Amino acid sequence: MVRVAVYDTKPYDRQYLLQAPGSTALNWRFLEFRLTPQTAPAAQGAQAVCAFVNDQVDRACLETLARLGVRLVALRCTGFNNVDLGAARELKLAVTRVAVYSPHAVAEHAVALLLALNRKIHRAYNRVRELNFSLQGLVGFDLHGRTAGIFGTGKIGRIVAQILRGFGMRVVAYDPQPDLGWASQYGVQYTDAASVFGLSDVLSLHVPLTPQTRHLVRHETLALVKPGAILINVSRGALIDTTALIEALKRGQLGGVGLDVYEEEEGIFFEDLSGQVLQDDELARLLTFPNVLITAHQAFLTHEALTDIARTTVANLCALASGQPFVEGSVLA
Ligand code: NAD
């Protein structure tokens with residue numbers, strides 16, 4: 001029976017992994033702390049580890065895992081920017097991910113942030129609870145007829161574009177690998193990155209974090225953005241230079257910012273720190289803006305997405321046990 005050490009386990013991870021087909025054939029060890037070079041020894045005796053977005057799967061961590069006899073790192077997420085794939089290949093450690101799970105979950109969360117921010121639902125909710133029924137300062141704008149700019153028209157970006165087309169928005173997009181057939185079907189116009197920044201009333205980021213996309217939103221690109229535009233990021237925090245974002249917010253240049261991810265979220269998001277002093281000054285500053293709405297990396301958190309994630313992850317773990325090929329499209333190393 002393959003023994004699996006699951007790092008950074010939350011109750012919903014355990015529930016969905018244990019419900020997935022094939023899970024009873026695995027020997028589970030659920031750990032509540034993240035995978036780092038320091039915690040890798042806790043995988044002692046396991047043949048596989050299951051890791052998540054903020055685990056630190058660098059060379060030192062992988063060397064320890066390989067030394068312990070671990071053969072597979074099964075990521076229960078799509079993004080893999082936190083894994084040193086070169087080191088994994090050298091160490092002959094297989095790495096898999098969940099390449100596809102409900103993209104609707106993530107896309108719908110991006111739109112939820114946009115609607116809430118634009119119509120100031122987060123502020124209205126708090127006001128009404130305090131019996132403050134004033135509408136002062138809650139003016140939004142019709143999305144209908146405005147322009148949305150989508151960076152990355154992969155699985156998630158496309159659905160966001162399609163939803164926003166449904167609202168009657170004009171949609172422009174940038175992707176180095178455009179899909180012209182899809183764009184003409186849904187009335188989306190591809191253009192260059194600078195034009196997407198300059199034309200859009202709503203900007204939404206749906207690109208993976210790579211050296212090329214790191215700080216896609218920075219001083220130079222923020223200078224191109226229309227005053228009052230709303231920026232949404234449900235992809236990866238480091239797509240935005242947080243210092244530059246805070247400066248743009250202080251200047252009043254942006255109408256709103258909706259974030260489900262944050263550059264320095266590791267060790268903060270997914271945790272209950274409500275009884276502690278927040279040590280991250282930039283996050284503390286972001287939380288003071290009335291037009292910034294932050295959720296803690298929850299865009300994937302739907303029943304459908306958790307079911308898909310658990311199903312693929314367990315299938316890959318079972319494939320290790322049986323010597324069968326891993327799920328198609330999930331192999332990274
Ligand atoms: P995908 O691979 O289907 O699409 C990514 C698209 O980005 C591709 O079309 C690619 O060509 C394009 N791209 C690459 N570099 C670009 C650039 N410089 N500019 C513009 N486009 C570029 O990925 P996906 O499934 O749509 O997911 C997108 C990202 O969303 C993931 O990489 C992940 O980081 C993030 N994500 C977040 C959550 C969450 O819970 N918040 C959940 C899932 C995924």
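Annotations
- Residues of segment 182-201 that turn out to be more than 14 Å from the ligand (Cβ to nearest atom) and farther than 23 Å from V257 by Cβ, as a count: 5
- Residue within segment 64-76 that is at pLDDT 95 or above, in a helix (DSSP H, G or I), more than 16 Å from the ligand (Cβ to nearest atom) and among the aliphatic types (A, V, I, L, M) present: yes
- Boolean, A94 is closer than 25 Å to T210 by Cβ, crowded, with 19+ Cβ neighbours inside 10 Å, small (G, A, S) and away from the ligand (no atom under 16 Å from the Cβ): yes
- Of all residues making up segment 108-142, the number that are at positive phi and under 26 Å from the mean Cα position of the chain (by Cα): 1
- Scoring V100 on the criteria (1) crowded, with 21+ Cβ neighbours inside 10 Å; (2) closer than 23 Å to G166 by Cβ leaves a single failure, condition (1).
- Just one of the listed residues (T9, T24, T36, T78) is closer than 19 Å to F326 by Cβ and among the hydroxyl-bearing types (S, T, Y), and it is T78.
- Of L332, L301, L286, all but one fail to be in contact with a strand residue (DSSP E or B) (Cβ under 6 Å, 6 or more places away or on another chain) and within 16 Å of the ligand (Cβ to nearest atom); the exception is L332.
- Looking at F151, F197, just one residue is within 27 Å of V53 (Cα to Cα), touching a Ser or Thr at 6+ places or on another chain (Cβ under 9 Å) and open to solvent by less than 30 Å² (accessible area, probe 1.4 Å), and that residue is F151.
- A Cβ distance below 8 Å, combined with a sequence gap of six or more or placement on separate chains, defines the contacts here; from segment 139-152, residues that are within 16 Å of the ligand (Cβ to nearest atom) reach residues that are of a type in the set (D, E, K, R) in the pairs A148/R170; A148/D201; F151/D175; G152/D175.
- Selection within segment 40-53 - out of contact with any helix residue (DSSP H, G or I) (no Cβ under 9 Å at 6 or more places or on another chain) and open to solvent by 20 Å² or more (accessible area, probe 1.4 Å): A42, Q44, G45
- Scan segment 278-290 for residues that are closer than 29 Å to Q136 by Cβ and either of a type in the set (A, V, I, L, M) or not assigned by TED's automatic domain parsing to the domain that holds L117 (or both) and the total you get is 4.
- I163 being within 15 Å of the ligand (Cβ to nearest atom), of a type outside the set (G, A, S), crowded, with 21+ Cβ neighbours inside 10 Å and within 30 Å of C77 (Cβ to Cβ): no
- Sole residue being more than 16 Å from the ligand (Cβ to nearest atom), modelled with pLDDT of 95 or more, of a type outside the set (D, E) and open to solvent by 30 Å² or more (accessible area, probe 1.4 Å), chosen from R127, R158: R127
- The single residue among V257, V261, V225 that is part of a loop (DSSP other than H, G, I, E, B) and more than 10 Å from the ligand (Cβ to nearest atom) turns out to be V225.
- Residue that is most open to solvent (accessible area, probe 1.4 Å), among those in segment 256-282 that are in contact (Cβ under 8 Å) with a residue 12 or more places away in the chain and out of contact with any helix residue (DSSP H, G or I) (no Cβ under 8 Å at 6 or more places or on another chain): E266
- Test result for L113, assigned by TED's automatic domain parsing to the domain that holds G228, within 16 Å of the ligand (Cβ to nearest atom) and within 23 Å of V261 (Cα to Cα): yes
The values are calculated or read from the model by the stated rules, or taken from the named source; none is laboratory data. Everything numeric in this text was worked out from a predicted model, so none of it was measured. Don't worry about glycine lacking a Cβ; one is built from the backbone with ideal geometry, like all the others, and counts go over all protein chains shown. What goes into the accessible areas is simple: the full protein's heavy atoms, side chains included, and nothing from ligands, DNA or RNA. Shrake-Rupley method; radii C 1.70, N 1.55, O 1.52, S 1.80 Å.
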